[in-house]
Amino acid sequence: MESSRGQNGIQLLLAAEQEAQQIVNAARNAKMGRLKQAKDEAEKEIAEFHANVEAEFQRKVAETSGDSGANVKRLEQETDSKIEQLKTQASDISHDVVQMLLKHVTMVRN
């Protein structure tokens with residue numbers, strides 16, 4: 001009787017160990033499944049973020065490319081008007097400058 005009782009105890013322990021191993025394996029598999037799902041979701045979010053950043057970059061490139069011709073034209077116009085303004089100012093005071101230079105050059109000091 002004692003020996004059958006010992007056998008039953010061992011059988012119960014083995015059964016409990018197998019059940020515990022199954023529980024651990026199921027938990028491990030569930031954890032791996034959750035990790036894989038989280039990884040897949042993270043990769044999806046990264047791809048979406050990358051696509052959004054790329055689209056924003058392309059939009060900005062398109063905006064600045066389209067404006068560069070207008071910017072060049074505007075700068076050329078501003079430069080031309082500034083040159084004309086300087087020429088006008090120079091012509092307005094050139095007579096006075098020449099007179100001042102002649103005065104100082106021809107003045108003799110002892």
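Here region 82-110 is the region considered, the condition is being open to solvent by 80 Å² or more (accessible area, probe 1.4 Å) and hydrophobic (A, V, I, L, M, F, W, C), and the residue that is modelled with the lowest pLDDT is 108. The set of residues from region 46-81 being exposed (fewer than 10 other Cβ atoms within 10 Å of the Cβ) and hydrophobic (A, V, I, L, M, F, W, C) comprises just one member, 70. Scan region 8-17 and give yes if some residue there is open to solvent by less than 70 Å² (accessible area, probe 1.4 Å), part of a helix (DSSP H, G or I) and modelled with pLDDT under 90, otherwise no. Yes, some residue in region 8-17 is open to solvent by less than 70 Å² (accessible area, probe 1.4 Å), part of a helix (DSSP H, G or I) and modelled with pLDDT under 90.
The values are calculated or read from the model by the stated rules, or taken from the named source; none is laboratory data. Just so it is clear, the structure is predicted and the values come from calculations on it, not from any experiment. Positions of Cβ are generated from backbone atoms using ideal geometry, with glycine treated the same way; all protein chains shown enter the neighbour counts. Note: areas computed on protein heavy atoms with side chains; ligands, DNA, RNA excluded. Shrake-Rupley method; radii C 1.70, N 1.55, O 1.52, S 1.80 Å.
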